[in-house]
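The values are calculated or read from the model by the stated rules, or taken from the named source; none is laboratory data. The model shown is predicted, which means the values in this text are computed figures rather than measured ones. Here the Cβ positions follow ideal geometry from the backbone for every residue, glycine too, while neighbour counts run over all protein chains shown. When the accessible area is computed, the model is the full protein with side chains, heavy atoms only, and any ligands, DNA or RNA have been set aside. Shrake-Rupley method; radii C 1.70, N 1.55, O 1.52, S 1.80 Å.
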Amino acid sequence: MTQTTETPMEEKKSISFVEQLVEGDLAEGKNDGRIQTRFPPEPNGYIHIGHAKAICMDFGVAERYNGVCNLRFDDTNPSKEDTEYVDSILHDISWLGFKWGNLYYASDYFQKLWDFAIWMIQQGKAYVDEQTSEQIAEQKGTPTQPGTPSPYRDRPIEENLRLFKMMNTPEAVEGSMVLRAKLDMSNPNMHFRDPIIYRIIHTPHHRTGTKWHAYPMYDFAHGQSDYFEGVTHSICTLEFVPHRPLYDKFVDELMEYDTQNTTGYRPRQIEFNRLNLTYTVMSKRKLKALVDEHLVNNWDDPRMPTVCGMRRRGYSPESIRKFIDSIGYTKFDALNDMALLEAAVREDLNARATRVSAVLNPVKLVITNYPEGKTEQMIAVNNPENEADGTHEITFSRNLWIERDDFMEDAPSKFFRMTPGKEVRLKNAYIIMCTGCTKDADGNITEIQATYDPESKSGMAGANRKVKGTLHWVSADHCRKAEVRIYDRLFNVENPSADERDFRELLNPESLTVLNECYVEEFAADMKPGQYLQFQRIGYFMADLDSIAEKPVFNKTVGLKDTWAKQNK
């Protein structure tokens, strides 16, 4: 009984202010107690982690209150949209773990929006303006000075109807005319000063082809699409706060136009803070420029904040959702530390990643008293966090690769790795003692020699005598050469969006390091993209889409510890 009364109280404390507003609407019986949300991306680019935050909110509210969340593509600007982006968004949302109730497009409502615009003209609430965009902008005024009415503001209704219909013909010249709502040119909210609601675009639409030549603006299509679909809560980010009065105004007009609405139904817009991350940008325009100018290797480059880039890098959908949940939703914009996201990824992958052996900066280790030609199969635990993940075998032999940094010829007293005269354990194998090393003419170490204790094999009775260092390794004759890609921050400055310099100047030239002389155990070499790996003692990795059997390629997802913050203090 105690548990049943405490659990709801716990949940109540943790809900966001958005959910509090939703619960308030439910308590008042608004919209017949129905909850319906939507996620409305424009298909003009790939979605990024900022969109993922909105996705978590839109779908999360619907899930929590037994409602439905629809996916609606805001495809009202054919000059910037493409089916490539539609397909990628569908895939990314599914990968994040969400399912939409229905799939819609704003283009589904082009005829309804057109008919509504005709009604507004007939009511004297909209007019065709033939001024240039510069003239219209100049007449808008400033936040402290009222705007100047257009000379076309009071043209006759019939003329407006004729010109509006002409806008939707192949002969209409782009930029020659727009349809504006007749609102209030002195309103302190600039969005209310006779906003443009239709413009001419001749680019073929990805769904409707050349049927339309006049397209609705976002502010005219968004709220109306919500209304047509029955959305109860239109949840968006803070930059739409100034747009909310216009959203409500157009919904008011639509309710007057829709004589079938006898229930008083209306959608409600609620705004929350955007997700901003240090050392990256969330502007689709800037991200697209990075791709188009080949400053990154496409939208799914693992340095990008896109969902597909994070997937390719090796982030799990669960880690992204946990991070978003941890930072919460507020009414104030903030800059979130990339280290917080990486910590969430690290914590999640620790529980799910398969442990494998890989050497990124190799040096040869020869076990001189181990018989030539002999091999043994050592047992490696796949994941100590989950016994059910089982084990796999790794081949041990006389010739091994170890990390070059794990050896020091003249080591300080607290160096607990390999140095002459001291013992270390080779993970899952034997205790060895370093006996010396070989150098080339320039003094570079080319080989390390050691002897092993045959009675010290991991798992043998009496083999657990303590040594202070444990090293990972791969058999030089039973491994595969691999390429490993190491990623750093995409930008050199913490908040590139706030920097006045061109964002291209702020790019980190060392954001990608490619290592071509790496070796991985054969078990790891056959891993596929989507399988989470921990290279023991190094970090978390995932096979890249470029990986093939002859040449495995791995992306470093995140290190075992946050060494980046320490380096940049």
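Could you work out how far helix 218-229 tilts from the main Cα principal axis of the chain, as a 0 to 90 degree angle to the nearest 10?
On a 0 to 90 degree scale, this one is about 90.
Taking θ as phi - 60°, what are the ³J(HN,Hα) couplings along the stretch 410-417 by the Karplus curve (6.51, -1.76, 1.60), each to the nearest whole Hz, with x for Gly and Pro?
10, 9, x, 4, 9, 8, 9, 9
Roughly how many Å² is the accessible area per residue of the chain, as a whole number, for a 1.4 Å probe? The partial results should precede the final answer.
Values: 26390 Å² over 569 residues.
Counting only protein heavy atoms, the per-residue value for the chain is 46 Å².
Taking 0.36 nm per residue of sequence separation and subtracting the Cα-Cα distance, how much length would be gained by fully extending the chain between Glu447 and Asn189, in nm to one decimal?
Details: separation 258, 0.36 × 258 = 92.88 nm, distance 7.33 nm.
Gain in length upon complete extension: 85.5 nm.
Taking the simple approach of a point 7 Å from Cα along Cα-to-Cβ for both Thr368 and Leu238, what is their distance in nm?
Between Thr368 and Leu238, the label points sit 6.7 nm apart.
Quick one: which residues, 5 or more positions from Lys422 or on another chain, have an amide H under 5 Å from its amide H? H modelled 1.01 Å from N in the peptide plane, none for Pro or chain starts.
Answer set, sorted by chain and number: Cys434.
Run through the DSSP bridge list for the chain and note the antiparallel percent, rounded to the nearest 5.
Details: 56 of 84 bridges.
In the chain, approximately 65 percent of DSSP beta bridges are antiparallel ones.
Roughly how many nanometres apart are two label points built 7 Å out from the Cα toward the Cβ at Asn516 and Lys466?
Reported label-point gap for Asn516 and Lys466 is 4.6 nm.
Going by the alpha-carbon gyration tensor, a ≥ b ≥ c the square roots of its eigenvalues, is the stretch 365-415 rounded (a/c under 1.5) or, if a/c is not under 1.5, prolate (a/b greater than b/c) versus oblate?
On the way: a/c = 3.61, a/b = 1.31, b/c = 2.76.
Taking the square roots of the gyration eigenvalues as a ≥ b ≥ c, the stretch 365-415 is oblate.
Rounded to a whole number, what % of the accessible area of the stretch 334-415 do carbon and sulfur atoms account for, probe 1.4 Å? Could the numbers behind the result be given before it?
Working: 1720 of 3840 Å².
The value for the stretch 334-415 is 45 percent carbon and sulfur by accessible area.
As I understand it, the dipole of the stretch 296-375 uses +1 on the Cβ of Lys and Arg and -1 on the Cβ of Asp and Glu, about the Cα centre. Which of Phe323, Met338, Val359 lies farthest toward its positive end?
Sorting the options by dipole projection puts first Val359.
If I stretch the segment between Lys288 and Arg34 completely, what's the gain in nm (0.36 nm per residue apart, minus their alpha carbon distance), one decimal? Write out the running numbers ahead of the final one.
On the way: separation 254, 0.36 × 254 = 91.44 nm, distance 3.83 nm.
Answer, rounded to one decimal: 87.6 nm.
Mind sorting out which of [x] 34.8; [y] 32.8; [z] 36.7 is the real mean projected area of the Cα convex hull in nm² computed from the coordinates?
Checked against the structure: label [x].
Given points 7 Å out from each Cα along the Cα-Cβ axis, report the Gln135 to Thr435 separation in nanometres with one decimal.
9.4
Could you work out how far helix 317-327 tilts from the main Cα principal axis of the chain, as a 0 to 90 degree angle to the nearest 10?
Tilt relative to the chain: about 70 degrees.
Rounded, prolate or oblate: which fits the stretch 439-568, taking a ≥ b ≥ c as square roots of the Cα gyration tensor eigenvalues, rounded meaning a/c under 1.5, else prolate when a/b beats b/c?
Working: a/c = 2.05, a/b = 1.86, b/c = 1.10.
Because a/c hits 1.5 or more and a/b exceeds b/c, the stretch 439-568 counts as prolate.
Taking only Cα atoms, what is the 0 to 90° angle, nearest 10, from helix 338-352's long axis to the longest principal axis of the chain?
60
What length, rounded to one decimal in nm, is gained on full extension from Asp248 through to Asp87, with 0.36 nm per residue of separation minus their alpha-carbon distance? Can you show the working numbers first?
On the way: separation 161, 0.36 × 161 = 57.96 nm, distance 3.17 nm.
Answer, rounded to one decimal: 54.8 nm.
Compute the label zone of Lys331 within the stretch 249-279: residues whose backbone N is under 15 Å from the point 7 Å along Cα-to-Cβ.
269-274
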